[in-house]
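Working notes for the structure below.
The values are calculated or read from the model by the stated rules, or taken from the named source; none is laboratory data. In this text the structure is predicted, and so the values were computed from the model without any measurement. Note that we place each Cβ from the backbone using ideal geometry, even for glycine, and neighbour counts take in every protein chain shown.
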Amino acid sequence: MLGLKLPTDPRWVNIVEKNIDEILTDHAFCEQKAASTAISLIVNFPDYPELVTEMVALAREEMGHFKMVHDRILARGKTLGRYRKDDYVVALMKFFPKGGSRKDNLVHRLLYAALIEARSCERFRLLSEELQDAELAEFYRKLMVSEAGHYTMFLKYARKYGNREEVDRKWQDLLAYEAELVRGLGKGETVHG
């Protein structure tokens with residue numbers, strides 16, 4: 001369903017399991033960044049009312065997810081920890097060339113967001129199936145379902161606002177690029193890397 005060209009190495013879950021506090025901190029910041037992305041799309045593309053409405057709902061949902069992860073961190077007797085950049089996202093955002101039309105920029109941002117959500121969904125599925133902590137596994141199962149919905153929503157809007165054939169070609173090219181990117185990651189206690 002997700003179309004990812006390279007699945008995550010299942011051994012990634014072993015790294016996560018040994019570093020739950022780190023993955024929770026990274027996950028919390030991923031949720032915050034997802035809310036920020038939704039707000040940024042509102043700010044930069046206010047003339048797309050249907051997208052704005054979706055992004056308002058998404059920003060609320062992502063901040064709700066942030067709170068859920070933060071509550072889990074606090075319940076473990078920990079604090080959030082410092083913000084860190086997401087090397088996966090930084091590298092991913094280099095795929096499409098800078099410049100171009102405003103509509104192209106919108107489509108590219110929507111495709112990036114779709115792919116980030118797809119990879120998150122895939123990773124959350126692994127966590128839901130493999131984590132020994134049953135409560136945390138169930139938590140990630142629920143979030144996996146949510147991420148799948150976000151992935152399809154972003155891809156739907158990219159196809160709506162761009163030329164469908166061109167968008168699908170760009171999507172396949174981005175998926176191939178991301179597979180190479182993931183090949184070099186997956187060795188850390190982060191959601192994407």
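Figure legend. Inter-residue proximity from segment 83-104: first residues among the hydroxyl-bearing types (Ser, Thr, Tyr), second residues in a loop (DSSP other than H, G, I, E, B) and at pLDDT below 95, beta-carbon distance below 7 Å, spacing 6+ or different chains. Indicated pairs: Tyr88/Leu185; Tyr88/His192; Tyr88/Gly193. Do you know which of the residues in segment 165-188 that are among the basic types (Lys, Arg) and at pLDDT 95 or above is surrounded by the fewest Cβ atoms within 10 Å (Cβ to Cβ)? For segment 165-188, the residue satisfying everything is Arg169.
Determine whether Lys170 is basic (Lys, Arg), farther than 20 Å from Gly3 by Cβ, over 17 Å from the mean Cα position of the chain (by Cα) and not in a loop (DSSP other than H, G, I, E, B). Lay out the reasoning, then the answer.
On the way: basic (Lys, Arg): yes; farther than 20 Å from Gly3 by Cβ: no; over 17 Å from the mean Cα position of the chain (by Cα): yes; not in a loop (DSSP other than H, G, I, E, B): yes.
Judged against the criteria, Lys170 is not a match.
Looking across segment 121-135, the residues that are crowded, with 18+ Cβ neighbours inside 10 Å and either touching a residue at least 60 places away in the same chain (Cβ under 8 Å) or on the phi > 0 side of the Ramachandran plot (or both) come down to Cys121, Glu122, Arg123, Leu126, Leu127, Leu131. Within segment 66-99, track down each residue that is within 16 Å of the chain's Cα centre (by Cα), closer than 20 Å to Asn19 by Cα and in a helix (DSSP H, G or I). Matches in segment 66-99: Phe66, Val69, Asp87, Tyr88. Among the residues of segment 141-162, is there at least one that is free of Cβ contacts under 8 Å to residues at least 40 places away in the same chain, touching a Cys at 6+ places or on another chain (Cβ under 6 Å) and assigned to a helix (DSSP H, G or I)? For segment 141-162, residues free of Cβ contacts under 8 Å to residues at least 40 places away in the same chain, touching a Cys at 6+ places or on another chain (Cβ under 6 Å) and assigned to a helix (DSSP H, G or I): present.
Run down Arg102, Arg60, Arg109 and say which single residue is at pLDDT 95 or above and closer than 19 Å to Val145 by Cβ.
Of Arg102, Arg60, Arg109, the one residue that is at pLDDT 95 or above and closer than 19 Å to Val145 by Cβ is Arg60.
Can you confirm whether segment 1-16 contains a residue that is modelled with pLDDT under 95, closer than 21 Å to Leu181 by Cβ, of a type in the set (S, T, N, Q) and under 15 Å from the mean Cα position of the chain (by Cα)? Within segment 1-16 (the criterion being modelled with pLDDT under 95, closer than 21 Å to Leu181 by Cβ, of a type in the set (S, T, N, Q) and under 15 Å from the mean Cα position of the chain (by Cα)), the answer is yes, since at least one residue qualifies.
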